[in-house]
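Structure, as structure tokens:
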Amino acid sequence: MVGSAMNRARFKRMLLIGLAGLGLGAAGVWPVAYAQRAPRRAEPRPAADRAADDKTIEAEFRAKLAAEAAAPTTAPDDEADIEQRMLAARERRLGPTFPGRDPAFLVLPRPTDRGNMATELLTPEVRKMSSAALEYLAKTQDADGGWSDTQFPSNTGVTALACLAFMAEGSRPRIGTYGREVDRGIEFLLKNVQTSGVIAGKGSNPLGPGYEHAFSTLALLYAYGDNPRRTEIRDVISRAIQASAKAQRLDGGWRYQFSREGHADMSVTANVLWVMRTAKKAGFTVDAEAIDKGVKFIEKCAMPDGTFRYRAWGIYASPSLGGTGVIALCNNGDMNHPLIPRARDRIEYDYRRYTVDDLKDRRYFVFGCFYASLAMYMCGDAYWIPWFQKSTQVLSAIQRKDGEFTDESNNTVYTTAMGAIVLQAPLGYLPIYER
């Protein structure tokens, strides 16, 4: 009893010494230096001042609406929309605010004007094209939940792209029009995880499962938050990221095979960088040095005219790799990389200069169109809208009667999935399209 009493007394003295070192008083109150860090609510303004501001904002909007009515270029706004715009102007004048004492909860002003990009681009023809493509994917799903293509039977990469196409429509595992198809596809991916962490089945590319693994990891990342019942997904994603990190080549890139030996290629490297950036944003641990090495490899593949070579030591630059290069550079977190404007302008030039007939005969057009869509969306509406309108004309010209798209090897599933993702990009449901 005496020993325990002495221990309690000693612990009490140590606790008091520690609190004193932190600057806490007897009442346990934090010192001023700490208390000032907490955000404080703004002092309420007088009611008369707030009313005057509201009248000024409303008067400005009424004057603007009158000017728009005199020379209408768009459909007139209804009263609910006008009210929302006035609230947005009021919030913008107030600036960002903290609703409480936690600085993690910051309320930003809402946008003053609503964009009509989706309404402008999703014409009835585009919606019909995307619906036909999705129906084709739904009816070609295998009994085991996966998808097969002409060259890639029971393939995890093709399955992942089909799942992403349904997610672009708004469906999620067990939720939405194609929720059942997505859920079965995710289950197929989880059943094809190897002991090494690589996600690849029996129908993988004979050259190696680099694409299959990258697309499968991406699909699982986007389905992760909607699958609370599949508790194994987090572990599968973590192992998949580790498998990719271990397979980085000595030159900084990645290739089809999971090996550190040999030369990398630009296309697989860009996809792995894309996956790593997405995983990092989802809260997974990603080696920053691996991403930096990958970006340096992409830079070695760049040409002065804005195109990219498939291999760093190659001499031929492919137009279809421009979008791949842009997303690789953007996924490093640097939107101001000097190579991005050149690559963006080259893509814009190609789609503006060449006719629909020229573009539809381009080798692996759908594959290149998919990556170009990601790049042009990132660059803003000034580039995205004209590009999308031209690309949908090409997709309309090559879509077959059952809704499918094809490539030179008569693959119809992965190409249809990529085409469907592009057509549904204006919906904004799939986070691969970011700004």
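The values are calculated or read from the model by the stated rules, or taken from the named source; none is laboratory data. Just so it is clear, the structure is predicted and the values come from calculations on it, not from any experiment. FYI the Cβ positions are ideal-geometry reconstructions off the backbone, even for glycines, and counts take in every protein chain you see.
Below is a table of values for the structure above.
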item	result
Odd one out for Tyr429, checked against (1) under 23 Å from the mean Cα position of the chain (by Cα); (2) modelled with pLDDT of 95 or more; (3) among the aromatic types (Phe, Trp, Tyr)	(2)
Selection from the range 280-295 of residues that are in a helix (DSSP H, G or I) and either surrounded by 15 or more Cβ atoms within 10 Å (Cβ to Cβ) or among the charged types (D, E, K, R) (or both)	Lys280, Lys281, Glu289, Ala290, Ile291, Asp292, Lys293, Gly294, Val295
Among residues of the range 327-347, those that are under 13 Å from Leu374 (Cα atoms) and either surrounded by fewer than 21 Cβ atoms within 10 Å (Cβ to Cβ) or modelled with pLDDT under 90 (or both), counted	6
Selection count where residues are surrounded by fewer than 23 Cβ atoms within 10 Å (Cβ to Cβ) and either outside any loop (DSSP other than H, G, I, E, B) or of a type in the set (S, T, N, Q) (or both), scope the range 407-424	4
Tally of residues being over 22 Å from Glu408 (Cβ atoms), surrounded by fewer than 24 Cβ atoms within 10 Å (Cβ to Cβ) and in contact with a helix residue (DSSP H, G or I) (Cβ under 9 Å, 6 or more places away or on another chain) across the range 140-153	4
Residues being of a type in the set (A, V, I, L, M, F, W, C) and within 19 Å of the chain's Cα centre (by Cα) - total across the range 286-326	6
Test: residue in the range 297-312 that is surrounded by fewer than 23 Cβ atoms within 10 Å (Cβ to Cβ), in contact with a helix residue (DSSP H, G or I) (Cβ under 6 Å, 6 or more places away or on another chain) and free of Cβ contacts under 8 Å to residues at least 24 places away in the same chain	no
Looking only at the range 241-268, and only at residues there that are assigned to a helix (DSSP H, G or I), at pLDDT 95 or above and out of contact with any Lys or Arg (no Cβ under 8 Å at 6 or more places or on another chain), the one that is nearest to Tyr211 (Cα to Cα)	Ser244
Residue in the range 155-174 that is part of a helix (DSSP H, G or I) and touching a Ser or Thr at 6+ places or on another chain (Cβ under 6 Å) present	yes
Residues located in the range 343-401, provided they are among the hydroxyl-bearing types (Ser, Thr, Tyr) and under 24 Å from Leu427 (Cα atoms)	Tyr351, Tyr371, Ser373, Tyr377, Tyr383, Ser391, Thr392, Ser396
The lone exception for Val236 - which of (1) more than 22 Å from Pro173 (Cα to Cα); (2) modelled with pLDDT of 95 or more; (3) not acidic (Asp, Glu) it fails	(1)
Criterion: buried (at least 22 other Cβ atoms within 10 Å of the Cβ) and over 20 Å from the mean Cα position of the chain (by Cα) - qualifying residue of Glu232, Glu212, Glu181	Glu181
